[in-house]
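Computed from the coordinates by the stated procedures, all read-outs in this text should not be read as laboratory data. From a predicted model like this one, the values you see are computed outputs, not experimental measurements. Backbone-built Cβ (ideal geometry, glycine too); neighbour counts: all protein chains shown.
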Amino acid sequence: MLLALTLLTGGALLTLVLGVLGGGDPVAVLPLGVAYALLATLGFRWVQRRDRRWWSGAYVLVGLVLASIVFALAPGVGATLFLVVLVSQCVLLLPLPVTAVVIAMVPMVHAGMPLIEGVREGLGTLVAVVFAAVVTELLRREQAMRRELATAHQQLRDRTAEVERLAAAQERNRLARDIHDGLGHSLTVVAMQLQAARALLAHGSDEHGPVDGVLAKAQHQSQSALAEVRRSVRVLREPRVVPPLPEVLRDLAAESSAAGLPTALTVVGDERPVSETVHEALFRTAQEGLTNVRKHAAASRAELVLDYAAAAVRVEVRDDGRGAGTPDPDDTGVGLLGLRERAEDLGGRLELAAAPGGGCALTVEVPA
């Protein structure tokens, strides 16, 4: 838009120069025309950068006086174009009511003409400057909409990048929980079984049966860990079939019993399907709970309780061990943190408290 106004100003000045050279206009109009051209180009850019209304008002007033003098000396196309440029710049600098006042003043440059001719010429000039004002306002609004659209696009790109970062962080957290709850659980069992085998060897046992049995369990558990890793990789590639929750908890109780901690499963209420995320959260809670019992509780038995309540599903891991005591210094608490995050993501809660009659109870409850 600024380029178009600059070209229009240059065309008006050239028209004045041709008028003087043709002998129809006085020479005195040239310095005034050059002064207006400099004001309409350099002066306009300077006022725009100041962004103050009183500077803009002073600029328009000086421009109107100068253009009127030029028109009085050489009433023709060049002077009229100066007025058109002035009105367009007024639209860019001042509110529309002020621009309307300037537009109303422009036809007064024909005041010295005979009445009929003045009305005819004034009406033509008025139509020209109104048309220029309307076009300039439309262009101004279109440019403003383009800037707003560019800002909106940038904000959308920023929001999209933020969503991608949050999604990546959420996925990293999920993978970290899966590694800890799945592979970490299996490796913990393997470590405990290997520790038991070393203890038997340290006591000088000559019987290979007990040692071989413990090592066989460790081998089986390591194979389970490998299967867990493969399962996790498959999950990332394709959907998986999830067995019913009571079935996987029953297998988990059998695995825990085979590892040396007798574990029973109790199901309360009528079984009903749950979502995959709820299924995963409840299963991982039971798995982590039994791992912690074997590592810290010194318990003789454990119990899994799956309760299908009216509005929620609850899993509880109970043991008859030493209860909630001083945490193991080697335990970083990542497991319970991951379980709590799972529960909170589903709108549920996680609790670790003393169990009735001794031991601990780890409970997770999520909406059904």
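General observations
- DSSP-defined antiparallel bridges as percent of all bridges, the stretch 245-368, nearest 5: 75
- Quarter the surface of the alpha carbon convex hull of the stretch 2-112 and you get the mean projected area, 6.4 square nanometres.
- Footprinting exposure proxy for 319, 270 (fewest neighbouring C-beta atoms within 10 Å first): 270, 319
- Using a cutoff of 8 angstrom between alpha carbon atoms and counting only pairs six or more residues apart, the relative contact order for the stretch 245-368 works out to 25 percent.
- Whole-Hz ³J(HN,Hα) from phi, Karplus 6.51 cos²θ - 1.76 cosθ + 1.60, for the stretch 79-89, glycine and proline x: 5, 5, 5, 4, 5, 4, 4, 4, 5, 4, 5
- The Kirkwood hydrodynamic radius of the stretch 20-62, based on inverse pair distances between different Cα atoms, is 11.8 Å.
- Residues 103, 69, 116 arranged by fewest to most Cβ contacts within 10 Å: 116, 69, 103
- In order along the stretch 113-129, phi translates into HN-Hα couplings of 7, x, 4, 5, 5, x, 5, 5, 5, x, 5, x, 5, 4, 4, 5, 6 Hz, rounded to whole numbers, per the Karplus curve 6.51 cos²θ - 1.76 cosθ + 1.60 with θ = phi - 60° and x for Gly and Pro.
- Ranked by how many other Cβ atoms sit within 10 Å of their own Cβ, fewest first, the residues 283, 44, 131, 82 fall in the order 131, 283, 44, 82.
- Stretched out straight at 0.36 nm per residue, the stretch from residue 135 to residue 277 would grow longer than its current Cα-Cα span by 45.2 nm.
- Full extension of the chain between residue 145 and residue 4 yields a length gain of 48.8 nm, computed as 0.36 nm times the residue separation minus the alpha carbon distance.
- Debye equation applied to the C-alpha atoms of the stretch 245-368, log10 I(q)/I(0) at 0.19, 0.20, 0.23 Å⁻¹: -1.02, -1.13, -1.45
- For residue 312, distant residues with modelled amide H under 5 Å away: 368
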